[in-house]
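The values are calculated or read from the model by the stated rules, or taken from the named source; none is laboratory data. This is a predicted model, so every value here is computed, not measured. Glycine also receives a Cβ, built like all others from the backbone with ideal geometry; neighbour counts cover every protein chain displayed.
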Amino acid sequence: MSEAYQPARILNQGSTQEKAEGARLSNFVGAIALSDLISTTLGPKGMDKILQSPSNLLDSTITNDGATILSSIQISNPAAKILIEISKVQDDEIGDGTTSVVVLAGELLKEAEKLIHKRIHPQTIIKGFRLAKNIALKKLKEIAQDHSENEEDLKKYLKKIAMTIFSTKILTPYKSIFADLAVESILRLKGSTNLESIQILKKTGGLLKESYIEEGFVLDKKLGVGQPKRIENAKILVANTSMDYDKIKIFGSRVVVNSSSKLAEIEEEEKKKMLRKCQKIVDHGINVFINRQLIYNLPEQFFTDHGVVSIEHADFAGIERLSLVTGGEIVSTFDHPELVTLGTAKVIEEIMIGEDKLIRFSGCKEPSACTIILRGSSKQILDEAERSLHDGLAVLSQMVKNPKTVLGAGCTEIIMAQAIEEAAKETSGKIQIAMEAFARALTRIPIIIANNAGYDAEQLVSELKTSHYKGNTTFGVDVMNGKVCDVQELGIIESFLVKKGMLLKASEATEMILRVDHIMYSAPRQRGMN
Amino acid sequence: MLRYDSSGKPFIIIRDQDQKERLTGSEARKANILAAMTVANLMKTSIGPLGMDKILVDQDGEVTATNDGATILKNMQVENPIAKLLVELSQGQDDEIGDGTTSVVVFAGALLEESLSLLEKGIHPSKISEGYEKACDIAVQHLISICDKIEFDKEDCSSLIKAAKTSLGSKIVNQYTDKIAKISVEAVLAVADLERKDVRFDLIKLEGKTGGTLGQTELIDGIIIPKNFSHPQMPKQIKNAKIAILTCPFEPPKPKTGHKLDIDSVKKYKELLEIEQNYFKKMTDLVKKSGATVVLCQWGFDDEANHLLLQKELPAVRWVSGTDIELIAIATGARIVPRFSELTPKKLGKAGMVTEKSLGTTDEKMIVIEKCSNTKTVTILVKGGNKMVVEEGKRSIHDALCVTRNLIKDNRIVYGGGAVEISCSVALNKASKEIKGIEQYSIRAFSQALLSVPIALASNSGLNSLEAVSEIQLKQMKEEKPFFGIDCLSKGTSNMKEQNVFDTLRGKIQQFLLATQMAKMILKIDDIIRPTGQY
């Protein structure tokens, strides 16, 4: 009777599993640890993290952008992975709120853990959370203000939103400058969400506040040697063609010669072929030629002789943006000049930023394009500034489409929490407890923000709650002064979409994690077998 | 293993050293049954609308969270041979029916569990098998006698939606069941041939996309390909498109036979150049001449060809996957053309609208082909907050699609919520009294095993499971109606007809048959020999 009565092992060797309470515990621990890790970066007084890359110790990033932090930490806990995933999606979809979404999910799970200790079934908790989420969403939609009618108004609000976003980032001291930069460049897009036509160029040197918007488009390249540094009324041909040596693309062909004279002939022919191509390009009646690929000396010299300025090796994104900005198409064959749309620019000139030479295209066809030039004292600062700016731009671009705002500084969270509490009073059964837990998790967000700022958070937030109960529903926490005050007056405004995304994604992820009662790990893939 | 011959000398039958592990007779049976029960117990918590999910972490650390029995078992890296059989079992149910993959495993596990006590009574396994066989026959007969028919047509598909909702109720999408059930039914009806009762499943494409919520899942009358146009300046929208589908690259030809082309003079060099240039021109000219307005190609484009396409105003998509190509060909009525020279106007497909759309703030783009001439192709675009939700959503919708298809094939239904199982169990108990011999015991065991599913359902719903099940049993016997089941969602009635919870008859019969077959097979095994220490 040896093996028959032992518990049967059914999984592969090396595979492990966690069941019921164990599985739940490991999910909670993982997810909560992750959200605790990141919760210190929340809010205007949140702290930054240093991320060091495993391969190159010198290559470090300093950031407080949730998505960036989460995407670079390596994690094996499955529940924590789910949270990382939602922050990534929030980043892709809306661009900001990547930290809050994880923190909210973490807080929800903390509350759920307590309820499970009270022997409430996870499915009951889920039911309550869903109900609470719907109430919160309804309330959120109610309090959202629509600013689509008045354009002047919209601009004002956009600036406020941008300031709110930047106030949690490295850009805080200059948030007004950057908010202006962001709003101006977004308004140029005229409702499109294509952030590609806003180019962000980073140049070390100078101070963050010296960053500015450059009219038109700046290409981080140099003009060909000996070519004019300023061209007016430029006609531009944007191309993607090889200008180094133009191989004939018939497969299997090769050159076989039996004497050096023949070799010289073929070489001569090759040169001629290139020059013919150059001639064709010049025949388009252009004075600027921009190529994605390298331009060798021979064609470059030909272009210079014919008064055409050539720019080589503009990378792919650069080329696409250039064609967008100048209105020219990307060309790869040159036989039909009449069919090709050329790009135009009033002035192309070489400019200096810091110590680098760049090419500026101004007076372009597409006025929506612009370049934001970021200055800063180190690479890390510039990188972080770019990430922050990108967050701001992403939110603003979505805002233009859906110009609804809600109040920030914890005000909205308190309103939602109180709406849920109201509704919970009328719900009977265990669901009520779950709803109350949801409300508590929402109030944790202002608490964390205040905590990060170094105030007596519980005190502040309870004051805030009372003032809401008294009917001051526009009040929030002023983390600069550590007081409860009217957020409307402070002008801390956030995008409705960010809040909505946070609420929906956090509750979806929580539900997903709560539903699990069993985790099975496969044996890790064997490495180095061959 | 040693035996002694007549003179008392030992001889070896099977080398019984460390390489082999061997279990025989009742020990083997018990080990097998225990293994099967372990798997069944594992699945039990996933049954029903309040069932729980499992997280599976694969070899590379990727996370899957799911509640779909077939998916759990498939990804579970099972080693035990009996457990493997159960994995196959749920796979079989998935392939045939597409739904009920969890219940079938739980039921098979219960059958084996019941047989354990029969074995202890000393009943021979093949007798048990026979009894199970008979019981299964009776149960299936009973199923057919209690089934209901639902009526639907293209206009009124509300009953189909209800069935899809039952299937979706146990999945993560259950928050949006109304919408997703409707989408699933519409998708199936779009491709279904109601007269022939045939559904071509390959015409429904499931495409996942992170962002938004599951509630934003939508049905698209056409096809989505996750690609963009090959040149950024090609028009983003083409109305009344004529589509050419090519499986040849826009590159100079590459003969499959090995060859070399030697160039030894300037003249030849020039000729070759000309040929190259002409190739590209000829290709694009041929496409243009056929009257096509959109080109979909399975292969890549050369830069020059790409530009020529732009110049000729031929928006093109490259690297379209083989399955997509086939689907588009069916939808638009296009012929897949392997050579440029064979492109004729007749071979082009037609679509009302081809658009390139971008989603979110990232520049991910997709091409939507709508209003195809042969509208019978649809795409369900599943959206969700994260990758895992989307994947699970896709699996759930697949189940709902299967249920709908099964109903179109056979519109007979039985009531869910454990109602049929209880009803069959009651019927079997009655029948067992008229059967002589040991088989009676097996039939009663079968009837007991049937209750495992409603018991699991009730306990997952937080009810006192045995109490709830016996209550329903009584109610069914008293009122002699087969539609009382477990009220999982506490809706206040155990009448499944009112709650609109039902399963397909085909699916249920299949479940019974497959599970019985599996139990019989496992009971028959009386010897396990396996090498050890060889991993």
* Of all residues in the range B:6-40 being away from chain A (no Cβ under 14 Å) and at pLDDT 70 or above, the one that is farthest from residue B:82 (Cα to Cα) -> B:7
* To do: Those residues that are free of Cβ contacts under 8 Å to residues at least 60 places away in the same chain, in a loop (DSSP other than H, G, I, E, B) and under 20 Å from residue B:398 (Cβ atoms), I need them from the range B:51-83; list them, please.
  => B:58, B:62, B:75, B:76
* So residue B:181, is it outside the structural domain of residue B:519 (by TED's automatic domain parsing) and buried (at least 20 other Cβ atoms within 10 Å of the Cβ) -> yes
* **Any chance residue A:461 is without any contact (Cβ under 8 Å) to a residue 60 or more places away in the chain and closer than 23 Å to residue A:41 by Cα** => yes
* Structure fact -> Those residues of the range A:479-519 which are charged (D, E, K, R), buried (at least 22 other Cβ atoms within 10 Å of the Cβ) and away from chain B (no Cβ under 14 Å) amount to A:494, A:499
* Subset of the range B:257-311 [within 11 Å of another protein chain (Cβ to nearest Cβ) and assigned to a loop (DSSP other than H, G, I, E, B)] -> B:257, B:258, B:259, B:260, B:264, B:265, B:302
* Structure fact -> Counting only residues in the range B:41-55 that are crowded, with 18+ Cβ neighbours inside 10 Å and polar (S, T, N, Q), the one nearest to the other protein chains (Cβ to nearest Cβ) is identified as B:45
* Structure fact -> Residues in the range B:52-107 that are in contact with a Leu (Cβ under 7 Å, 6 or more places away or on another chain), closer than 29 Å to residue A:509 by Cα and of a type in the set (Gly, Ala, Ser) total 1
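Residues are listed down the side, and each one gets a yes or a no for (1) touching a Phe, Trp or Tyr at 6+ places or on another chain (Cβ under 7 Å); (2) in a loop (DSSP other than H, G, I, E, B):
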{"position": "A:392", "(1), (2)": "yes, no"}
{"position": "A:397", "(1), (2)": "no, no"}
{"position": "A:400", "(1), (2)": "no, no"}
{"position": "A:406", "(1), (2)": "yes, no"}
{"position": "A:413", "(1), (2)": "no, no"}
{"position": "A:416", "(1), (2)": "no, no"}
{"position": "A:419", "(1), (2)": "no, no"}
{"position": "A:423", "(1), (2)": "no, no"}
{"position": "A:428", "(1), (2)": "no, yes"}
* Taking the range B:56-110 as the search range and keeping residues that are under 30 Å from residue B:22 (Cβ atoms) and among the small types (Gly, Ala, Ser), which one is nearest to the other protein chains (Cβ to nearest Cβ)? -> B:83
* Structure fact -> In the set B:385, B:416, the lone residue that is in contact (Cβ under 8 Å) with a residue 60 or more places away in the chain and within 14 Å of chain A (Cβ to nearest Cβ) is B:385
* Which residues, counting only those in the range B:113-138, are in a helix (DSSP H, G or I) and either of a type in the set (D, E, K, R) or over 28 Å from residue B:31 (Cβ atoms) (or both)? -> B:113, B:114, B:120, B:127, B:130, B:133, B:134, B:137, B:138
* Going by the structure shown, is residue B:357 more than 11 Å from every other protein chain (Cβ to nearest Cβ), assigned to a strand (DSSP E or B) and not aliphatic (A, V, I, L, M)? -> yes
* To do: Kindly indicate which of B:240, B:228 is farther than 21 Å from residue B:323 by Cβ and not β-branched (Val, Ile, Thr).
  => B:240
* With the condition kept exactly as written, say whether any residue in the range B:98-112 is part of a loop (DSSP other than H, G, I, E, B), out of contact with any strand residue (DSSP E or B) (no Cβ under 7 Å at 6 or more places or on another chain) and farther than 30 Å from residue A:25 by Cα. => yes
* For the range B:112-168, what are the residues that are among the basic types (Lys, Arg) and in contact with a Ser or Thr (Cβ under 9 Å, 6 or more places away or on another chain)? -> B:127, B:134, B:165
* Does at least one position in the range A:424-445 carry a residue that is buried (at least 18 other Cβ atoms within 10 Å of the Cβ) and over 29 Å from residue A:124 (Cα atoms)? -> no
* To do: Find all pairs meeting these conditions: Cβ atoms under 8 angstrom apart; at least six residues apart or on different chains; first residue within the range A:154-169 and without any contact (Cβ under 8 Å) to a residue 60 or more places away in the chain; second residue crowded, with 23+ Cβ neighbours inside 10 Å.
  => A:155/A:183; A:159/A:179; A:159/A:183
* Asked: Just one of B:211, B:222 is within 11 Å of chain A (Cβ to nearest Cβ), out of contact with any His (no Cβ under 7 Å at 6 or more places or on another chain), more than 30 Å from residue A:274 (Cβ to Cβ) and surrounded by 19 or more Cβ atoms within 10 Å (Cβ to Cβ); which is it?
  -> B:211
* Structure fact -> Restricted to the range A:243-271 and to residues being more than 8 Å from chain B (Cβ to nearest Cβ) and assigned to a loop (DSSP other than H, G, I, E, B), the residue modelled with the highest pLDDT is A:259
* Asked: If you check every pair at least six apart or on different chains, which have Cβ atoms under 7 Å apart with a residue in the range A:339-366 that is without any contact (Cβ under 8 Å) to a residue 24 or more places away in the chain first and a residue that is among the acidic types (Asp, Glu) and surrounded by 15 or more Cβ atoms within 10 Å (Cβ to Cβ) second?
  -> A:341/A:329
* From A:359, A:351, residue being more than 28 Å from residue A:158 (Cα to Cα) and buried (at least 19 other Cβ atoms within 10 Å of the Cβ) -> A:359
* Just one of A:419, A:409, A:394, A:439 is within 20 Å of residue A:494 (Cβ to Cβ), touching a residue at least 60 places away in the same chain (Cβ under 8 Å) and within 13 Å of chain B (Cβ to nearest Cβ); which is it? -> A:394
* Asked: Under the condition of being surrounded by fewer than 24 Cβ atoms within 10 Å (Cβ to Cβ) and among the acidic types (Asp, Glu), which residue from the range A:383-417 is nearest to residue A:186 (Cα to Cα)?
  -> A:386
